[in-house]
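A.B. asks: This structure is in structure tokens; I'll ask about it shortly.
The values are calculated or read from the model by the stated rules, or taken from the named source; none is laboratory data. The structure presented is a predicted model; accordingly, all values stated were derived computationally and were not measured. Cβ placement follows ideal geometry from the backbone for every residue including glycine, while neighbour counts extend to all protein chains displayed.
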Amino acid sequence: MDSDKAEIAAVAARLVVEEGLDFGSAKRRAAKQLGASARQSLPDNESLEKAVEEYIAIFCAESQALELASLRTLALRWMDRLAVFQPHLGGSVWRGTATRHSDIFLQLFCEDPKSAEITLIDMGVRFDARLVTGLHGEKVDALSVQAWCEPLQAFIGLHLLMNDRDGIRGAVQADGRGRRLRGDARALRALMDNEDHDRK
């Protein structure tokens, strides 16, 4: 990675960690802050994720570990509540780079997207519905909830993305570094247990 891209990645990493920006927004704002030309190519997501990991390790390793554990516990609670839809956790909460500013993204798999809406209504949960880009680039329904996280004393954005039941096969593919992009509740519990063990 050339020096300009590295500088953009470093600034973008701070924006991701400190402000909870998504990768695309963070890269664009970082480039603008640095006065990069419109022709300047931006760092790829893998480079930015490495920069985020480095930023966390230097500036907030202890606090981030506690925040991540709180977010994963909250995600697991919702995965258990929505178990009938075979939820899979992705994003920074799954990858381990989330902070208190990060949202939780769950992929749900069901025959009818309306069934998830009905489940939330039956639970008495308020949500906003919208269309977002799904696992394979197609538009899918998403339900967004503000979920209270007691340890963080804050509401966390929880986004439930609806997928066809058969789409679950593509949910557990690996990224460029050979890591699974998502995991179900069992995988998340194993991940949390392993990290607890490593800290002891």
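A.B. asks: Is it the case, given these coordinates, that residue 42 is touching a residue at least 24 places away in the same chain (Cβ under 8 Å), outside the structural domain of residue 101 (by TED's automatic domain parsing), over 11 Å from residue 97 (Cβ atoms) and not acidic (Asp, Glu)?
C.D. replies: So residue 42 passes the test.
A.B. asks: Next up: Tell me, please, whether a residue that is under 22 Å from residue 108 (Cβ atoms) and in a loop (DSSP other than H, G, I, E, B) can be found in the stretch 58-70.
C.D. replies: no
A.B. asks: Is there any pair linking a residue in the stretch 61-74 that is under 18 Å from residue 103 (Cβ atoms) to one that is in a helix (DSSP H, G or I) and at pLDDT below 95, with Cβ under 6 Å and at least six apart or on different chains, and which?
C.D. replies: 72/192
A.B. asks: Which residue pairs have Cβ atoms under 7 Å apart, sit 6 or more places apart or on different chains, and have a first residue in the stretch 23-36 that is within 19 Å of residue 91 (Cβ to Cβ) and in contact (Cβ under 8 Å) with a residue 24 or more places away in the chain and a second that is polar (S, T, N, Q) and in a helix (DSSP H, G or I)?
C.D. replies: 23/45
A.B. asks: Could I ask something else about it? Looking only at the stretch 137-150, decide whether some residue is crowded, with 18+ Cβ neighbours inside 10 Å and among the charged types (D, E, K, R).
C.D. replies: Within the stretch 137-150, one or more residues are crowded, with 18+ Cβ neighbours inside 10 Å and among the charged types (D, E, K, R).
A.B. asks: Moving on. Does the stretch 136-147 contain at least one residue that is modelled with pLDDT of 95 or more, among the charged types (D, E, K, R) and not in a strand (DSSP E or B)?
C.D. replies: Within the stretch 136-147, not a single residue is modelled with pLDDT of 95 or more, among the charged types (D, E, K, R) and not in a strand (DSSP E or B).
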